[in-house]
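Data first, discussion second: the structure below is written as structure tokens.
The values are calculated or read from the model by the stated rules, or taken from the named source; none is laboratory data. What you see is a predicted model, and the numbers here were worked out from it, not measured in a lab. Note: ideal-geometry Cβ built from the backbone for every residue, glycine included; neighbour counts use all protein chains shown.
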Amino acid sequence: MGDSFLTLDDLPPGGKTVLLRVDINSSINPETGALLDDTRIRRHAATAELLAEAGAKVAILAHQSRPGLLDCVPLERHARRLAHLIDRPVEFIPDVHGELARDAVASLEPGEVVMLDNVRFDAEEVAVSSWNGENFTPQADTALVRNLAPLADMFVNDAFAAAHRCQPSLVGFIEVLPMATGLVMERELRKLGGAIADGPAPRIALLGGSKAADSVAIAHHFLSQGVDEVLTGGVVANLFLMAGGVDIGAPSTTYIREHIADWEQVVADALTLRKEFGDRLMVPVDVAVSDGGLRHGLPVSELPTKHPVHDIGLETLVAYLARLEKAGTIIANGPFGVFENPEFAASTREIFTAMANSDALTVVGGGETAMVFTQMGLADRVNHVSTGGGACIAFMSGRLMPVLEALRHSKRRFDEGGYNK
């Protein structure tokens, strides 16, 4: 991203009415409505607190789940939790952009914070969600934007975890208000983007897990952007072995055919990568299979096997650990085996522990990978753990992301004097 987005240093918020979009979508007990996890609320609390302490008048926009699901609930508990975290009142407004919401925003005093209700209660938020690839006029031409934008001076987008989406509350305001990154968004863009493009060399990526199609796209983006080596494990490694002409056996082949959409195309893409990047894309030389639930090592040269492949083998693990010792930057996305089973957790545990102990710049992709690092007690020993699941994958794949395009658009327009407020 470089300097292609505005930050709160570019747009001092003091005394201004700020619409702050966050992603505090949280796990909720559907029976009681109680918050089961406040991780995302904690992360966004820093941005809300910074704005309030600067004397901004803060109106928070956020979503919870999606219509039709049991956890698509009002944000009253979220507001209460945020108030506790920032040690100041956060008034919950049971309205998204109607008269109640507009009155609440218009009457804000410097340093005050309100949280409007779940934006996904608004039909247009859900319906107007596709990007035309050019501008955000459809999202801007919604009641949410028409009703709230005239009351505000600026829009702060801190919702990195939703940055791959194109909904009115995420991108619609940029046609009328300058948009800056919040602290979470800025950190994600600088840490993730910096590690891929500018991290200390050698830059090594660890790609595992079961989302093989995403990982093939990520591997291509990483290697094209100057990541020195990609080390593969999990279903991703099995798929790259298939692409190299290895028969990995019926159970693992069947899994790929049944669980990966357009698997033949994904295998073809993986073969193209192997041809283009050669030794920079590392695949296992041995594997661990599940023989009646027990771990059994097998060289790749002895495949196929009637047993499912559940982990990389010991020789591969030793080779990967040797590379990590010399790394300047390590980026991890996905576990390396069936880590839920102690028999096959060895490589994931050893590799992630080596990453946590490394002096390298260490970045962990969102979703499942972040969960594994947390479960292993390693999350606080890496430089950056992404808040995004799908957004992190989209970013690491190099896909165009509507919110990032909106940030670039706002920066250009701001630099050209296109905002008069």
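Can you go through SER169, SER215 and tell me which one is part of a helix (DSSP H, G or I), in the same structural domain as GLN64 (by TED's automatic domain parsing) and surrounded by 20 or more Cβ atoms within 10 Å (Cβ to Cβ)?
After ruling out the rest, the residue left standing is SER169.
Restricting to the range 276-324, count the residues that are in contact (Cβ under 8 Å) with a residue 12 or more places away in the chain, outside any helix (DSSP H, G or I) and more than 20 Å from ALA243 (Cα to Cα).
Total meeting the criteria: 6.
Residue by residue through the range 150-166, note down the ones that are hydrophobic (A, V, I, L, M, F, W, C), within 25 Å of the chain's Cα centre (by Cα) and outside any loop (DSSP other than H, G, I, E, B).
Hits for the range 150-166 are MET154, PHE155, VAL156, PHE160, ALA161, ALA162.
So which residues in the range 50-94 are under 21 Å from SER169 (Cβ atoms) and acidic (Asp, Glu), if there are any at all?
Across the range 50-94, the qualifying residues are ASP71, GLU76, GLU91.
Output the number of the condition that GLY55 fails; it satisfies all remaining conditions of (1) at pLDDT 95 or above; (2) assigned to a loop (DSSP other than H, G, I, E, B); (3) in contact with a helix residue (DSSP H, G or I) (Cβ under 6 Å, 6 or more places away or on another chain); (4) not acidic (Asp, Glu).
Here GLY55 clears every test but (3).
Confirm whether ASN147 is in a helix (DSSP H, G or I) and of a type in the set (S, T, N, Q).
yes
Which residue, of GLY233, GLY249, is under 17 Å from ALA319 (Cβ atoms) and surrounded by 15 or more Cβ atoms within 10 Å (Cβ to Cβ)?
Only one candidate passes the filter, namely GLY233.
Starting from residues that are of a type in the set (A, V, I, L, M) and in a helix (DSSP H, G or I), keep the ones in the range 365-392 and report whichever is nearest to ALA159 (Cα to Cα).
ALA391
Condition check ((1) out of contact with any Ser or Thr (no Cβ under 8 Å at 6 or more places or on another chain); (2) among the hydroxyl-bearing types (Ser, Thr, Tyr); (3) modelled with pLDDT of 95 or more; (4) outside any helix (DSSP H, G or I)) across all residues:
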{"site": "LEU19", "(1), (2), (3), (4)": "yes, no, yes, yes"}
{"site": "ALA45", "(1), (2), (3), (4)": "yes, no, yes, no"}
{"site": "GLN64", "(1), (2), (3), (4)": "no, no, yes, yes"}
{"site": "LEU70", "(1), (2), (3), (4)": "yes, no, no, yes"}
{"site": "ALA79", "(1), (2), (3), (4)": "yes, no, yes, no"}
{"site": "HIS84", "(1), (2), (3), (4)": "yes, no, yes, no"}
{"site": "ARG102", "(1), (2), (3), (4)": "yes, no, yes, no"}
{"site": "GLY111", "(1), (2), (3), (4)": "yes, no, yes, yes"}
{"site": "ARG120", "(1), (2), (3), (4)": "no, no, yes, no"}
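Within the range 108-126, track down each residue that is surrounded by fewer than 22 Cβ atoms within 10 Å (Cβ to Cβ) and over 23 Å from the mean Cα position of the chain (by Cα).
The answer is LEU108, GLU109, PRO110, GLY111, GLU112, VAL114, PHE121, ALA123, GLU124.
If a residue has to be over 14 Å from GLU76 (Cβ atoms), at pLDDT below 95 and hydrophobic (A, V, I, L, M, F, W, C) to count, how many in the range 21-38 make the cut?
1
Here are some residues: ARG77, ARG88, ARG66, ARG102. Which one is basic (Lys, Arg) and without any contact (Cβ under 8 Å) to a residue 40 or more places away in the chain?
Exactly one residue qualifies, and that residue is ARG88.
Quick one: would you say ILE174 is out of contact with any Asp or Glu (no Cβ under 7 Å at 6 or more places or on another chain), buried (at least 24 other Cβ atoms within 10 Å of the Cβ) and not assigned by TED's automatic domain parsing to the domain that holds GLY328?
yes
Go over the candidates ASP214, ASP141, ASP153 one by one and state the one that is touching a helix residue (DSSP H, G or I) at 6+ places or on another chain (Cβ under 9 Å), among the charged types (D, E, K, R) and at pLDDT 95 or above.
Just a single option satisfies the conditions, and that option is ASP141.
Given the structure, is SER130 of a type in the set (S, T, N, Q), surrounded by fewer than 20 Cβ atoms within 10 Å (Cβ to Cβ) and either under 25 Å from HIS44 (Cα atoms) or free of Cβ contacts under 8 Å to residues at least 60 places away in the same chain (or both)?
Answer is yes for this residue.
Inside the range 31-58, can you point out the residues that are over 24 Å from the mean Cα position of the chain (by Cα) and in contact (Cβ under 8 Å) with a residue 40 or more places away in the chain?
Hits for the range 31-58 are GLY33, ALA34, ALA52, GLU53, ALA54, GLY55, ALA56, LYS57, VAL58.
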